[in-house]
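To start, the structure under review is shown below, and the notes come after it.
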Amino acid sequence: MSRIPYVPADLGEPKEIVNAIRQRRGGGLLNLDRILLHCPEQAAGWNVFLGAVRRGGTLSPRLREIAICAVAALNKADYEFVHHGPELIKAGGTQAEVDALEDVEKAVSNGEIFGSQERMVLQLVIELTRDVVVSADTLSRTRAELGGDAALVELIIVISAYNMVSRVIVASGIRPEGE
């Protein structure tokens, strides 16, 4: 049970906002939405922003989902990990990668499962999530692995956005649907 009550799953108002969220989600509301909708205007902005983070840009969907799962694991945001582990597999990842991401500290040095690019993404996730300040070396090496500034900035945005998501999840006590 969440620490804040969910709004009803069949919520209909404010219609324009609820319908936009349902459309992005494929028809229903997730438990995260049912917490965010306590503040409809913020939920509307969240919907647009996270939609762009998930579908915009040129970053590989696999790298994006690796970053999201790593943020979730570091922040103990189980709800986020439950939702994004399958997304990583859909994006070309493996179950072994999902399993390894449950321990990001070990995963960052696991050259058997992750290549150098993925390990640099994980290092960036660790530094940005834990310390906020990223070392010049990590920034430079990640830029080189990704091929430039646009991909680096996009990755920083993904990591930052999903740190925001995980903080709402953890603070609110959001549980996976059906629990």
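Rounded, prolate or oblate, given the Cα gyration tensor of the range 15-55, with a/c below 1.5 counting as rounded?
Values: a/c = 1.44, a/b = 1.17, b/c = 1.23.
It comes out rounded by the Cα gyration axes.
Once the other residues with Cβ under 13 Å from the Cβ of S140 are scored (Lys, Arg +1; Asp, Glu -1), what is the net sum?
Here the charged neighbours net out to -2.
Among V158, V121, V82, determine the one that fluctuates most according to a GNM of the chain built with springs between C-alpha atoms less than 10 Å apart.
Of V158, V121, V82, the Gaussian network model singles out V82 as fluctuating most.
Quick check: Cα centre of the range 12-37 to Cα centre of the range 130-179, how many Å?
24 Å
Quick one: among T142, T129, T58, which has the greatest mean-square fluctuation in a GNM of the chain with alpha-carbon springs under 10 angstrom?
T58
If the viscosity is 1.567 mPa s and the temperature 4 °C, what Stokes-Einstein diffusion coefficient in µm²/s follows for the range 11-106 when Rh is the Kirkwood radius over Cα pairs?
Numbers: Rh = 14.4 Å.
D = 90 µm²/s.
Go ahead and estimate [θ] at 222 nm for the chain from helices alone: -39,500 (n - 2.57) per DSSP H run with n ≥ 4, summed, over the residue count, rounded to 500. Kindly include the intermediate steps, with their values, before the conclusion.
On the way: 10 runs with 120 residues, N = 179.
The helix-only estimate for the chain comes to -21000 deg cm²/dmol at 222 nm.
For the chain, take the longest principal axis of its alpha carbons; what is the angle in degrees between that and the long axis of helix 61-74, to the nearest 10 within 0 to 90?
So the inclination is approximately 80 degrees.
By how many degrees, between 0 and 90 and to the nearest 10, does the Cα long axis of helix 15-25 differ from the longest principal axis of the chain?
Between the helix axis and the principal axis of the chain, the angle is about 40 degrees.
Over the chain, what is the relative contact order in whole percent, taking alpha-carbon pairs under 8 Å and six or more residues apart?
RCO, the chain: 30 percent.
Report the Rg/Rh value for the chain, based on alpha-carbon coordinates and the Kirkwood definition of Rh. Could the numbers behind the result be given before it?
On the way: Rg = 16.6 Å, Rh = 16.8 Å.
We get a ratio of 0.98 for the chain.
Under 19 Å from the Cα of K106, which lysines turn up, not counting those fewer than eight places away in the same chain?
Filter leaves K76.
Which residue, V125, V71, V53, tops the fluctuation ranking in a GNM of the chain built on C-alpha contacts under 10 Å?
V53
Only the coordinates and a few stated rules stand behind these numbers; no lab work does. Note that this is a predicted model, so its numbers are computed, not measured. Note that each Cβ is placed from the backbone with ideal geometry, even for glycine, and that neighbours are counted across all protein chains shown.
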